[in-house]
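Have a look at the structure below before the remarks.
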Amino acid sequence: MKRLSSIFILITAAVSLYAQNFHKEISGYTGIDYSYNHIQIPGGDSTKMNAFFQKFDSLFIFGTGKINILHIGGSHVQADFFSNQVRRNLDAINRDFKPSRGYIFPFSIAKTNNPTNYTVEYKGKWSSARNVQKNREIPLGVGGVAVYTNDPAAEITIRLNVDAFDHRWDFDGLKLIGYVEDNSMGVKPVLIYNDSTYIEAEQDAASKTYLFSLPGLTDSFTIRFLQEEFIPHTFILNGFIPQKDEEGIVYHAIGVNGATVNSYLNSENFEDELKLISPDLVIFAIGINDASGAGFTEVAFIANYNLLIEKIKRVSPGCAFIFITNNDSFRRISRRKYAVNRNGLIAQKAFYRLAEQHQGGVWDFFSLMGGLSSMQKWEKAGLAKMDKIHFTKEGYVLIGNLFYNALMNYYLFNDID
């Protein structure tokens, strides 16, 4: 009876999102094939997926458990429109729990697009490194991006609740992922609470983190980097994880513009920092950049993915996987001429094979959006951009709703006992 009650709540949430999607369809766009909006298990072994969703039962029925989901990809994820829509939808079914938001990074400091759902301000001179760069001196972690500085005036301010009326993403703990370049004690990060109180962190040198414990809830923070020696030392910052001691679903989104599977393989501290998240489910959305070139092959793509998955399994052995197939896309061949990228078909096949090998699920977005050349229809409907690779904000929100529906439908209508 308790599970039926929780299922009723979830069905109500899912139906409301279907109504949004249907509204888009009756507005003139009919290219989406809704028959593909479900999670498939190509290998037939649903053990890992079911074990993950049993944690949903523990949360929704008994009110216990914290679930960590990691959504990892390229520019589709860095923008955080798609992933944030899934985050907010899942948060709507978090019952009375208000867990933390998940991993964040100050992309603005790296001179690249920051998610619009949190703001970043900074002072001082900074440099940056990303896992898509061939020549870099700074090692990277799970986020695939870092900013670093030796400027005594360096400072970062982040506010999670952009809307003044939205107080959802409060926290009372903050984990800073970072370290001094030469492993010295030459820089001490401090957090300024309520514009006046300086809070020092508990440093964990082994995990290269600093944990700030706050006296109360807040939605923003300022970090200053105090140089403790006469000669400036470089501090490397790999991201933040706001924390809150509450049960519920925490949705971490990690994305770097232009990133491939190999980009994350080249992130030297990927495994060490992944331990800070310890995902129960990883949603793979890496592949659109891998498949952009003429030399793309299924064999190499799968081989690289297998290496990345092994890294994740070493950290979270029981982790479940969902593979999102690439969206349809086009290559630019001249100033105003584009050609459909048929590598989308190769990548689609590869994702099915990967899911079969690793007892994972597949969300076949390639087929769902209409298959080969469907990106033109999405662009015409105002859902995709003119580059025929990326989507508009409205398009990403629609995709997020569709994925959420598929995720919830698996939980609601499959036997996971």
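Readers should treat all values here as calculations from the given coordinates under stated rules, not as data from a laboratory. Just so we're clear, the structure is a prediction, and the values are computed from it rather than from any experiment. FYI the Cβ positions are ideal-geometry reconstructions off the backbone, even for glycines, and counts take in every protein chain you see.
D by Stokes-Einstein for the stretch 238-328, Kirkwood Rh over Cα pairs, 37 °C, 0.692 mPa s: 225 µm²/s.
Remark: the E200-R168 segment gains 9.0 nm on full extension, using 0.36 nm per residue and subtracting the alpha carbon distance. Distance between the C-alpha centres of the stretch 90-138 and the stretch 289-319: 24 Å, rounded to the whole angstrom. Full extension of the chain between R88 and N414 yields a length gain of 115.0 nm, computed as 0.36 nm times the residue separation minus the alpha carbon distance.
A straight chain from D96 to M386 at 0.36 nm per residue would run longer than the Cα-Cα distance by 100.2 nm.
Overall shape: oblate for the stretch 229-274, with the ratio a/c of the largest to smallest alpha carbon gyration tensor axis at 1.5 or above and b/c at least equal to a/b. Taking every DSSP beta bridge that has both ends in the chain, the antiparallel portion is near 70%.
Averaging the Cα positions of each part gives two centres, and for the stretch 265-285 and the stretch 143-194 these lie 20 Å apart. What would the Debye equation give as log₁₀ I(q)/I(0) for the stretch 107-243 at q = 0.09, 0.13, 0.22 Å⁻¹, counting only Cα atoms as equal point scatterers? Relative scattering, expressed as log10 I(q)/I(0), comes to -0.26, -0.55, -1.57. Taking only the Cα atoms of the chain, the radius of gyration and Dmax are 21.4, 67 Å. Roughly how many nanometres apart are two label points built 7 Å out from the Cα toward the Cβ at N183 and E310? The two pseudo-label positions are separated by 2.6 nm. Span-like helix check, the chain: qualifying full DSSP H segments, with Cα axial length of 27 Å or more and mean Kyte-Doolittle of 0.5 or more, are 2-26.
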